[in-house]
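The values are calculated or read from the model by the stated rules, or taken from the named source; none is laboratory data. Given the structure is predicted, the values throughout are model-derived calculations rather than measurements. Positions of Cβ are generated from backbone atoms using ideal geometry, with glycine treated the same way; all protein chains shown enter the neighbour counts. Heads up: the accessible areas ignore ligands, DNA and RNA and are worked out on the full protein's heavy atoms, side chains in. Shrake-Rupley method; radii C 1.70, N 1.55, O 1.52, S 1.80 Å.
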Amino acid sequence: MLEHVPFWLGALMHNVRAGHAKLTIVNPDLEVGASSLELSSPAFANGARLPERFTADGEGVSPPLVWRDPPEGTSSLALIVEDPDAPAPYPLVHAVVWNIPTAENRLAEGAIVRDGSGAPDGSDVGRNSYLSEGWLPPDPPTGHGNHDYVFQLFALRHTPVLDANPGRDALVKALQGNVVAAGLLVGTYSRGEAATTDGVASGLATA
């Protein structure tokens, strides 16, 4: 959709961005604390450009994610992916996944898809900013510059009771006072500019 924005218009909006200070993980009501989760991907390194296959310019599937075992006392995990560089009042939500079992330490490529009332493992995929269930492929305006896509993983004390397809606000409310640890992974993407080809992370597929 946003690939049709003219380069000149995207360039004029270069400084119009939601802002990293509005990301879920830095919300002061969450009390994330000092404990961290090691979150990574076998498809891209932290801070590197997302491969095109995970964007609206490619197949548009969600990237694979892996993480270390969460701390003791974790009931389940939740994931939210946001673009704080979107030309909007708030970060654009690209994915919401909650009730991820603690026994799982990964999401496979393409796993964030419409799943109705939930996946067989008990996890559930919520609504993105386009109000659809599943992965919203990165689709930044042409000429708008680099966008960060921030994958935020939360280990929760208690599994929240939510509707089958919660959005960002419902998930953030459920996270408040409920976070044991958190992890963060950033991928980047842009259109109409020279692409940097940072090295793909290696040795992470079995992490």
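Values computed for the structure shown
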read-out: Size of charge dipole - the stretch 25-78 - debye, nearest 20, with Cβ of Lys, Arg +1 and Asp, Glu -1, no other charges; value: 180 debye
read-out: Theoretical gain in end-to-end length, residue 29 to residue 53 [0.36 nm per residue, Cα-Cα removed]; value: 5.1 nm
read-out: Rounded accessible area per residue of the stretch 11-72, 1.4 Å, Å²; value: 53 Å²
read-out: Net lengthening on full extension, residue 90/residue 108 (0.36 nm per residue, minus Cα-Cα); value: 3.7 nm
read-out: Rounded if a/c under 1.5, otherwise prolate or oblate - the stretch 18-116, Cα gyration tensor axes; value: oblate
